[in-house]
1. Amide H neighbours of E161 under 5 Å, at least 5 residues apart or on other chains, H built in the peptide plane: list them.
2. By what distance, in whole Å, do the Cα atoms of the range 103-170 stretch along each of the three principal axes, largest value first?
3. Per-residue accessible area for E161 at 1.4 Å probe radius, Å² rounded to 10?
4. Once phi is turned into θ = phi - 60°, what whole-Hz ³J(HN,Hα) does the Karplus curve with 6.51, -1.76 and 1.60 give for every residue of the range 30-42, x standing for Gly and Pro?
5. Please turn the phi angles of the range 117-133 into ³J(HN,Hα) values with the Karplus equation 6.51 cos²θ - 1.76 cosθ + 1.60 (θ = phi - 60°), one per residue in order, whole Hz, x for glycine and proline.
Amino acid sequence: MAKEKKVKVKSEKDNGKLVLMIGVILIVCSVILLGISVFILKPSGNSDKAEQVKDPDKIPLSQIESYETENMVVILPSIDNPDKRMSFTFYVGFALDKKSKDLKDTKTLLEESKGIIKSRISTLLSSKYSEDMLKQDSQQMLSDEIFAMMEEILDTDALVEVYIRDFLYR
């Protein structure tokens with residue numbers, strides 16, 4: 001009977017060590033997973049670039065200077081009937097940040113390159129159809145496309161937003 005108690009006590013000690021060992025392994029695994037998740041969620045160097053992007057809604061109007069192209073007229077065909085065409089007339093405006101160090105250079109470049117800018121916008125629109133321009137969000141999509149193109153051309157931080165004004169079609 002005494003041997004049975006010793007065996008029973010010994011097996012209980014082994015079970016206690018096993019539970020302790022499993023607990024230690026689980027704690028080590030959770031610490032490793034925590035380290036990995038911190039490493040993955042750590043902000044990279046691109047976060048500085050994201051902070052530098054200006055949100056036009058957050059810049060007060062007193063800090064924005066506007067520049068507009070001359071009246072743009074574009075004649076676009078229909079998707080269904082290429083012989084049917086529609087005429088679109090509008091102005092493209094560029095909102096510039098007055099506090100930007102590149103403001104003066106950007107304004108000069110915009111003024112000197114009026115014809116080129118108008119030509120590039122017309123080229124951008126030449127791939128569109130009249131139905132594309134009649135969609136509800138077409139002006140915003142057009143503004144976004146022109147903004148991306150102008151950011152590439154100007155390479156400046158002064159350009160904050162591109163907007164479409166007096167959008168008419170016939």
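1. For E161, the qualifying residues are A95.
2. Reported extents, whole Å, longest axis first: 37, 21, 21.
3. Number for this one is 70 Å².
4. So the J values, rounded to whole Hz, are 5, 5, 5, 5, 4, x, 5, 5, 5, 5, 5, 7, 5.
5. 4, 4, 5, 5, 5, 4, 5, 4, 7, 5, 8, 9, 10, 4, 5, 4, 7
The values are calculated or read from the model by the stated rules, or taken from the named source; none is laboratory data. Model, not experiment: these values are computed from the prediction. Remember, those area values only see protein heavy atoms, side chains included, never the ligands or the DNA or RNA. Shrake-Rupley method; radii C 1.70, N 1.55, O 1.52, S 1.80 Å.
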